[in-house]
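Report on the structure given below.
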Amino acid sequence: MNRGLWAGLRGHVMVVCALVGFAAFAGSSPSRPVTLVVPFAAGGPTDTLARILSERIAGELHTTVVVENVAGASGSIAGARVARATPDGTTITIGHWGTHVLNGAILKLPYDVVADFEPVAMIAMGTQLIVGRKSLEANSLKELIAWLQANPGKATAGTAGAGTGAHVAGVFFKDKTGTDIQFVPYRGAGPAMIDLVAGQIDLMFDQASNSLPHVKSGAIKAFAVTSPTRLASAPDVPTVDEAGLPGLYISYWHGIWAPKNTPKDIVTKLNAAIIAVLADASVKQRFAELGQEIPPPEQQSPAPLAAFQKAETAKWWPIVKAADIKPE
C-alpha cells in the first residue's frame with residue numbers, strides 16, 4: 001500500500017463496501033448501514049484486517065458496511081464510542097489483545113472492556129515480529145541485544161500508543177534483556193511503520209500483519225517472531241527461542257464485538273456472516289500472507305471469544321500491573 005496515501009489520511013476514514021438494502025436485521029425493510037469501528041489509524045494491521053473482511057461481510061448481510069477509523073488513546077476512544085452505541089447491530093468494532101485486555105489494566109476507562117461488549121466472533125490469531133530499520137547495524141536478535149546494551153537509552157521503538165500491545169511487548173523485552181529503550185507513541189501502528197521504514201525510529205515490536213509486507217520488500221529487518229513456531233508466510237524469520245530469547249511469546253489475536261445488550265439473534269446473524277467470510281479461500285490466503293491464522297469454526301463463535309478474552313485478562317492483568325505500565 002502506498003505510504004504517501006495513508007500518510008495523508010487524517011481523522012475518521014469511512015469506506016463504503018457495498019450499496020444494497022439493509023435487510024439483515026430488519027426483515028425486508030431498509031435500515032441503516034453497519035459501521036465497523038477500527039480503533040486505530042488507517043493503514044495499520046487492525047485496519048487492514050477490517051478492510052479485508054468488510055466488503056465480504058456486507059455481501060453476506062446484504063447491506064452496507066462502513067469502516068470508520070477512530071484513533072487515539074490506545075484504542076479507548078473507539079471503545080467508548082462503541083460501548084455507548086445503540087445495541088441494534090448497526091455498530092460493531094474490531095479489536096484485539098491490546099484494546100480488549102491490556103487497556104483495562106492500564107487506562108482509566110469510561111467502560112469495562114469485558115462487561116460493556118457482546119462478543120461476536122474470534123477472527124484471527126496472530127503474533128508479533130521484532131523488527132528494525134534497514135540501516136540498523138544488527139543483523140540478528142543477539143546482535144540487536146548487544147547493540148542495545150552498548151547504546152543504553154539511545155534506541156527508539158515506535159508503538160501504536162502508550163500502553164498498547166507494542167509498548168507492553170517492548171517493556172517485557174527491555175526487562176528480559178536488561179536494555180534501555182525509548183518508546184515513541186503514535187496514533188496507530190501504520191504511522192509508526194511509516195517512520196520505521198523511513199529510518200526515523202530504530203525498532204518496533206509489531207503485529208506481523210503490519211510488518212510482513214515491509215520485511216518481504218526489504219524495507220525493514222526482522223529479527224524474530226514472538227511465537228514457538230515460525231510463520232508459514234515468513235519461514236526465514238527465526239522464533240524467539242531459536243534467536244536466543246526463549247519464551248517471549250505474545251499472541252496478537254483479533255475479535256469482533258458489539259455493544260452490550262445487542263439482541264442475541266442479531267449477534268447470531270453477525271457471527272454467521274463472519275464465519276462464512278472466514279471460510280472464503282481468498283480471505284484465508286490474505287490472512288496467511290499477513291501472518292494471521294484463522295481459528296477453526298468452532299472457535300469463531302461468541303462463547304469461545306468470551307472465554308478466551310477472560311483467560312487472557314486473568315493472565316496479562318497481573319503481569320501489566322506488576323510491571324507498573326502506565327499511559328504517557
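Structure notes:
- Residues of the range 180-198 that are open to solvent by less than 40 Å² (accessible area, probe 1.4 Å) and farther than 26 Å from Met125 by Cα: Ile181 alone.
- Hey, Val34 open to solvent by less than 20 Å² (accessible area, probe 1.4 Å), out of contact with any Lys or Arg (no Cβ under 9 Å at 6 or more places or on another chain), modelled with pLDDT of 95 or more and farther than 18 Å from Ile274 by Cα or not: no
- Residue among Thr239, Thr229 that is more than 18 Å from Ala41 (Cα to Cα), open to solvent by 40 Å² or more (accessible area, probe 1.4 Å) and among the β-branched types (Val, Ile, Thr): Thr229
- Exactly one residue out of Gly218, Gly158 is out of contact with any Gly (no Cβ under 6 Å at 6 or more places or on another chain), at pLDDT 95 or above and at positive phi: that is Gly218.
- Annotation note: of Glu143, Glu137, the sole residue that is open to solvent by 20 Å² or more (accessible area, probe 1.4 Å), within 30 Å of Pro238 (Cα to Cα), in a loop (DSSP other than H, G, I, E, B) and out of contact with any Pro (no Cβ under 6 Å at 6 or more places or on another chain) is Glu137.
- Among the residues examined, Ala273 qualifies as crowded, with 21+ Cβ neighbours inside 10 Å and more than 25 Å from Gly190 (Cβ to Cβ).
- Taking the listed residues Gly59, Gly98, Gly79, the one that is touching a residue at least 12 places away in the same chain (Cβ under 8 Å) and within 12 Å of Trp257 (Cα to Cα) is Gly79, with no other qualifying.
- From Ser251, Ser217, residue being touching a helix residue (DSSP H, G or I) at 6+ places or on another chain (Cβ under 8 Å) and among the hydroxyl-bearing types (Ser, Thr, Tyr): Ser251
- Which listed residue, of Thr86, Thr63, is among the hydroxyl-bearing types (Ser, Thr, Tyr) and open to solvent by 10 Å² or more (accessible area, probe 1.4 Å): Thr86
The values are calculated or read from the model by the stated rules, or taken from the named source; none is laboratory data. Please read these numbers as outputs of a predicted model, since none were measured by experiment. All Cβ positions, glycine included, derive from the backbone under ideal geometry; neighbour counts span all protein chains shown. Heads up: the accessible areas ignore ligands, DNA and RNA and are worked out on the full protein's heavy atoms, side chains in. Shrake-Rupley method; radii C 1.70, N 1.55, O 1.52, S 1.80 Å.
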